[in-house]
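The values are calculated or read from the model by the stated rules, or taken from the named source; none is laboratory data. Please read these numbers as outputs of a predicted model, since none were measured by experiment. Here the Cβ positions follow ideal geometry from the backbone for every residue, glycine too, while neighbour counts run over all protein chains shown.
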Amino acid sequence: MKVIILAGGFGSRLSEYTKLIPKPMVKVNSYPLLIHIMQIYIKHNIKDFIIAAGYKSHIIKKYFKNFKKSGKNFSCRISGKECNVVIVDTGLNSLTGGRIKRASKYLSNSDKDFMFTYGDGVSDINISKLQRFHKKTKKIITVTAVRPPARFGEIKMKKNLVYSFKEKPQVTNGWINGGFFVAKKSFLKLIRGDKEILEKYPLERSAKNKQLSAYKHKGFWKCVDTKRDKNELDKILKKNLIKYK
């Protein structure tokens, strides 16, 4: 099964780095976020990647020494495993849905399902379990739902008396989109063009049609939106506190 990684946005909230490089190329614990994301899949023997590039795509191409020409397959070794990679220019101003649609042209006719994720989220998700869950539900698309830790400590009070204090507890009410999708190729019909926002019509329509299932991941998940997020993830990975390699 092939994986599309969205790597073409401007990453404006991380402008300290993205003025010069695309967000997926921001280094965390010595390696770009893009490589960390690929390692999550490689652990589960998924080694075919389509990188949906856009903003400063030349930086991504330059990183992979075996890259020859945009849209062409090349091989490289990541975590000691031979991987097949395609870097696709999906347009400077294309939105998330549009990038997936453009990148999907590099799926083969034999690919019934495909996976895709964002270029800034790291997790210890079990990709194999996610695949099995998607196959079992028989829905058009499956999204990974996560409950991220709160940014600040939580204080519970009665009148002026604190009866509970938790330092950055995990959010217990509600789930959010954590990326790491699995979809049937028929999902692509819901993406109408470059300006399609994945999280709007395609996913909302899938939900309305009862064709969107959610795989609940209760383990580690971290999205790098800000410099603070980057620094926190850097510390976590340097201490080897999560395992996806």
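For this structure, a couple of remarks:
- In this structure, GLY121 does satisfy being of a type outside the set (Asp, Glu) and within 22 Å of LYS222 (Cβ to Cβ).
- Top-ranked residue of region 141-159 - restricted to ones that are surrounded by 14 or more Cβ atoms within 10 Å (Cβ to Cβ) and assigned to a loop (DSSP other than H, G, I, E, B), ranked as modelled with the highest pLDDT: ARG147
- Here ASP111 qualifies as on the phi < 0 side of the Ramachandran plot and more than 19 Å from the chain's Cα centre (by Cα).
- Evaluation of LYS101 against the conditions (1) surrounded by 18 or more Cβ atoms within 10 Å (Cβ to Cβ); (2) over 17 Å from the mean Cα position of the chain (by Cα); (3) of a type in the set (D, E, K, R) shows that the sole unmet condition is (2).
- Set side by side, the residues ILE140, ILE87, ILE127 differ, and just one is out of contact with any Pro (no Cβ under 8 Å at 6 or more places or on another chain) and closer than 19 Å to GLU196 by Cβ, which is ILE140.
- Complete set of residues in region 35-51 that are under 21 Å from GLY97 (Cβ atoms) and in contact with an Asp or Glu (Cβ under 9 Å, 6 or more places away or on another chain): ILE37
- LYS81 falls short on exactly one of the conditions (1) of a type in the set (Lys, Arg); (2) in contact with a helix residue (DSSP H, G or I) (Cβ under 9 Å, 6 or more places away or on another chain); (3) under 22 Å from ASP194 (Cα atoms), and that condition is (3).
Yes/no per residue for (1) at pLDDT below 95; (2) within 19 Å of the chain's Cα centre (by Cα); (3) polar (S, T, N, Q); (4) surrounded by 15 or more Cβ atoms within 10 Å (Cβ to Cβ):
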{"site": "ASN173", "(1), (2), (3), (4)": "yes, no, yes, no"}
{"site": "ALA183", "(1), (2), (3), (4)": "no, yes, no, yes"}
{"site": "LEU188", "(1), (2), (3), (4)": "no, yes, no, yes"}
{"site": "SER213", "(1), (2), (3), (4)": "yes, yes, yes, yes"}
{"site": "CYS223", "(1), (2), (3), (4)": "yes, yes, no, yes"}
{"site": "THR226", "(1), (2), (3), (4)": "yes, yes, yes, no"}
{"site": "LYS235", "(1), (2), (3), (4)": "yes, no, no, no"}
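- Set VAL88, VAL3: member being buried (at least 22 other Cβ atoms within 10 Å of the Cβ) and either among the polar types (S, T, N, Q) or over 16 Å from the mean Cα position of the chain (by Cα) (or both): VAL88
- Among the residues of region 211-240, those identified as over 16 Å from ILE125 (Cα atoms) and of a type in the set (D, E, K, R) are ASP225, LYS227, ARG228, ASP229, LYS230, GLU232, ASP234, LYS235, LYS238, LYS239.
- Restricting attention to region 34-88, the residues that are in contact (Cβ under 8 Å) with a residue 40 or more places away in the chain and either under 24 Å from LEU237 (Cβ atoms) or in a strand (DSSP E or B) (or both) add up to 22.
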